[in-house]
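The values are calculated or read from the model by the stated rules, or taken from the named source; none is laboratory data. All values reported here derive from a predicted model rather than from experimental measurement. Cβ atoms come from the backbone with ideal geometry, glycine included; neighbour counts cover every protein chain shown. The accessibility values were calculated without ligands, DNA or RNA, using every heavy atom of the protein model including side chains. Shrake-Rupley method; radii C 1.70, N 1.55, O 1.52, S 1.80 Å.
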Amino acid sequence: MIYNVFKQQVHYIPLYFRALGIASTVILLIVASKFITIMSEPAVFTGDAMMFTTVYTQMFGKFAIGLIYLLVTSLIAISHITYRSTDYLTVGTRQTLFYQILVQSLLIQFLLWAPWATLTVASFASLRTITDFQTLVIVLLGLVQVYFAQLLLVLIALIGFMLTRKRIIGIFVAVSLNLLFFSLHQVGVSLPFWKFMDFEPPLVKLINCLSLLPMLGVISAILNAIVKGRDY
């Protein structure tokens with residue numbers, strides 16, 4: 001059933017074309033601005049270790065990625081989510097509605113994440129900061145952390161949307177939650193959701209990625225229960 005739902009959701013992608021185009025422009029501006037900022041700081045290039053640390057904290061900055069990028073990706077997901085509530089009459093189970101929402105969210109977030117991830121890796125490569133396997137792993141795990149953070153924010157916002165049937169509520173949840181996480185980070189409260197911006201050893205980053213998986217599982221289960229319990 002999941003395979004059939006995936007094929008169905010692929011047909012919904014054209015509905016996102018305009019939003020994806022706008023998001024891609026924003027992503028390009030974010031990466032380009034970070035790249036230019038880094039290039040304008042000669043002190044960054046005084047040593048390999050310092051250079052990689054500085055470039056990482058710049059490219060995964062809390063304002064550009066935490067506030068702008070995550071907010072844009074979540075708003076696109078909530079404002080364009082599309083599902084067919086009548087499908088459960090054909091299939092005989094409301095589980096298909098949950099799969100529609102979940103697969104669409106995974107797919108669209110990946111289409112938003114992939115350009116940013118590609119441009120980010122290209123920036124690191126052009127700056128020659130990835131000097132060994134460890135630095136490569138740190139960058140790749142940082143990218144994965146951002147993708148998991150996108151999904152977590154979107155799924156929580158979808159819970160608000162499915163509970164109220166109002167997109168504006170889902171958008172409000174996404175914006176409020178993101179600002180809450182940002183405020184907590186500002187006062188020194190470290191949460192797995194925002195750990196992508198921290199420069200950490202590969203093992204620590206891997207543990208953080210793995211710690212986000214159970215959170216995604218719990219949020220998905222709550223969303224599934226809400227979808228099943230709704231009247232259609």
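Residues in segment 126-136 that are part of a helix (DSSP H, G or I) and open to solvent by less than 30 Å² (accessible area, probe 1.4 Å): 1 in all. Return yes when residue 203 is open to solvent by 50 Å² or more (accessible area, probe 1.4 Å) and either touching a Leu at 6+ places or on another chain (Cβ under 8 Å) or more than 23 Å from residue 76 (Cα to Cα) (or both) and no when it is not. Yes; evaluated as a whole, the condition is true for this residue.
Looking for whichever is farther than 30 Å from residue 130 by Cβ, assigned to a helix (DSSP H, G or I) and modelled with pLDDT of 70 or more here; the options are 19, 32, 23. Which one fits?
On the way: 32 fails: farther than 30 Å from residue 130 by Cβ; 23 fails: farther than 30 Å from residue 130 by Cβ.
On inspection, the qualifying residue turns out to be 19.
Just one of the numbered conditions (1) hydroxyl-bearing (Ser, Thr, Tyr); (2) open to solvent by 50 Å² or more (accessible area, probe 1.4 Å); (3) modelled with pLDDT of 85 or more is not true of residue 105: (2). Among the residues of segment 216-230, those identified as among the aliphatic types (A, V, I, L, M), more than 12 Å from residue 102 (Cα to Cα) and open to solvent by less than 70 Å² (accessible area, probe 1.4 Å) are 225, 226. Scanning segment 210-231 finds one or more residues that are among the basic types (Lys, Arg), over 21 Å from residue 65 (Cα atoms) and not in a helix (DSSP H, G or I).
Yes/no per residue for (1) on the phi < 0 side of the Ramachandran plot; (2) surrounded by 24 or more Cβ atoms within 10 Å (Cβ to Cβ):
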site	(1), (2)
142	yes, yes
147	yes, no
160	yes, no
165	no, no
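Only one residue in 141, 180 is assigned to a helix (DSSP H, G or I), within 18 Å of the chain's Cα centre (by Cα) and modelled with pLDDT of 95 or more, so which one is that?
Within the list 141, 180, the selection yields 141.
Criterion first (modelled with pLDDT under 90 and in contact with a helix residue (DSSP H, G or I) (Cβ under 6 Å, 6 or more places away or on another chain)) does residue 97 satisfy it? Considered against the rule, which asks whether it is modelled with pLDDT under 90 and in contact with a helix residue (DSSP H, G or I) (Cβ under 6 Å, 6 or more places away or on another chain), residue 97 comes out as yes. Counting only residues that are without any contact (Cβ under 8 Å) to a residue 60 or more places away in the chain, open to solvent by less than 50 Å² (accessible area, probe 1.4 Å) and of a type in the set (A, V, I, L, M, F, W, C), segment 167-180 holds 2 of them. Cβ separations smaller than 9 Å between residues 6+ apart or across chains give the following pairs from segment 181-204 residues that are free of Cβ contacts under 8 Å to residues at least 60 places away in the same chain to residues that are open to solvent by 60 Å² or more (accessible area, probe 1.4 Å) and assigned to a loop (DSSP other than H, G, I, E, B): 183/189; 184/190; 198/190.
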